[in-house]
Amino acid sequence: MKIMPNRMDRGFELYQDEFEKKALKVLRSGWYVLGKEVSSFEEEFAAYTGAKYCVGLASGLDALWIAVKILGIGPGDEVIVQGNTYIASVMGITINGAAPVFVEPDEFYNIDASRIEEKITPRTKAIMVVHLYGQSSNMVPIAALAEKHGLFLIEDCAQSHGADFHGKMTGTFGDIGCFSFYPSKNLGAFGDAGAIVTDNKQIADDIRVFRNYGSEKRYYNRVVGANSRLDELQAGLLRVRLRHLDELNREKERLCRKYLEHLDRNRFILPQIRDGATSVWHQFVIRSSRRDELIEYLNAHGIGTIIHYPIPPHLSEAYRYLGMKEGSLPVTERYAREVLSIPLYNGMTEEEQDYVIEHMNRF
Ligand SMILES: *Cc1c(COP(=O)(O)O)cnc(C)c1O
């Protein structure tokens, strides 16, 4: 059997009729950028998260860097972020000329709240939390720290659409929640797309202007902005998927419960869920000290896997200029050597999952 780590075609097939109807409707409408689909999606996604406002953007990275920019963070400023994130979180900071200050993750792969305060300096302007692999970070102590030190709180929710902490949705704890709708995310478009959510009207208005060349009225430009508009086709298709997001997340939850029940805990470190947090299981990430052998073994049996992520941002070539050496973030670096995401996707069959479990447990 051949099993891919992810299958976006399956998620399409689940609601194929609805997606195709919507795509045709948008194509025939004659209106393709920033229209009714975008404004309806913004309303519906704000309502889904419980935030007051949502602004559609062109990607998750745009959501991150524009959030940092709109908060006035730039050269000379520091932003705290976890070491083991996808590099886009860090780029959201450094594109603005600000410096990332890395904090080690906890056993849930999110920022270790107990290690944040020691990194706060007079230059610190914000904490950026990343709800990695679908699970909410430890938001109560983190929000309290941000409040105590007068820091902005930015949430990278690219992997956590629908995950909550004590019933409050990720993306609504801080000043700005940043979402990606890249096709492989839990709420995926059919191309690039992103958004921010916020309760702050000024922030929402400023980002709405910024995304469209800084223009409030056509050809009247208030600030030097960007072109980061969400298009009608993606917004329309996102509205279709959003209607099904809870059932899609429940399906992944069911698949992951089965992995948790059947994978051999003596061989692998399995994911854990923090008290009070939920996960929407963007990935099912296990750890093994023999990770690279495991990849080979599974590959030989037709099972594909992905490492999220093999090189932590502080050791990537792009961030060599930060001058951080190997060994500077030992937990982050150990996770990079040991983590492995095994196949998980909406529409995964019982047969496929049983095959993965059988071969994992034979390793
Ligand atoms: C996918 C992702 C992003 C970037 O989103 P794009 O839409 O691909 O730009 C940012 N942060 C995290 C944690 C992600 O997983």
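Modelled spin labels at residue 320 and residue 149, positioned 7 Å past Cα toward Cβ, are 3.1 nm from each other.
What's the carbon and sulfur percent of the chain's accessible surface, probe 1.4 angstrom, rounded to a whole number? Walk me through the intermediate numbers first.
Details: 8000 of 15870 Å².
The value for the chain is 50 percent carbon and sulfur by accessible area.
Among the GluC sites (Glu not before Pro) within segment 256-363, those in coil by DSSP and having at most 10 neighbouring Cβ atoms inside 10 Å are 326.
Note down, for segment 245-362, the three equivalent ellipsoid semi-axes (square root of 5 times each alpha carbon gyration tensor eigenvalue), biggest first, whole angstrom. Please list the in-between numbers first.
Working: eigenvalues 151, 65, 36 Å².
After scaling each eigenvalue by five and taking roots: 28, 18, 13 Å.
Treating only the Cα positions of segment 69-186 as identical point scatterers, give the base-10 log of I(q)/I(0) from the Debye formula at each q in 0.18, 0.21, 0.23 Å⁻¹. Values returned for q = 0.18, 0.21, 0.23 Å⁻¹ are -0.86, -1.19, -1.45.
Surface calculation, 1.4 Å probe, protein heavy atoms: residue 190 sits at approximately 80 Å² accessible.
Once backbone amide H atoms are built at 1.01 Å from N, residue 3 has 303, 304 as its partners under 5 Å, excluding neighbours fewer than 5 places away on the same chain.
Build a GNM of the chain with springs between Cα atoms under 10 Å apart, and of 260, 233, 187 the one that fluctuates most is 260. Taking a threshold of 28 Å on the Cα-Cα distance, which of the pairs 69/201; 119/185; 52/217; 168/201; 36/201; 119/258 fall above it? 119/185; 119/258, as the Cα separations exceed 28 Å there. Each distinct pair of alpha carbons in segment 162-276 adds a 1/r term; the inverse of their mean, the Kirkwood radius, is 17.1 Å.
For a Förster distance of 30 Å, can you work out the FRET efficiency between the beta-carbons of residue 2 and residue 334, rounded to the nearest 0.05?
Details: r = 31 Å, r/R0 = 1.04.
Step by step, r from the Cβ atoms, then E = 0.45.
Note on segment 1-155: the alpha carbon radius of gyration divided by the globular reference 2.2 N^0.38 Å gives 1.27.
Might you tell me the accessible area per residue for the chain, computed with a 1.4 Å probe and given in Å²?
Using a 1.4 Å probe on heavy atoms only, each residue of the chain averages 44 Å².
At q = 0.06 Å⁻¹, what log₁₀ I(q)/I(0) does a Debye calculation on the Cα points of the chain give, no solvent, two decimals? Summing over Cα pairs of the chain leads to -0.22. Between residue 261 and residue 300, what's the calculated FRET efficiency when r is the beta-carbon distance and R0 is 22 Å? Round to 0.05. According to the calculation, E is roughly 0.30.
The values are calculated or read from the model by the stated rules, or taken from the named source; none is laboratory data. Not measured: the values here are computed from a predicted model. Cβ: placed from backbone, ideal geometry, glycine included. Neighbour counts: every protein chain shown. Remember, those area values only see protein heavy atoms, side chains included, never the ligands or the DNA or RNA. Shrake-Rupley method; radii C 1.70, N 1.55, O 1.52, S 1.80 Å.
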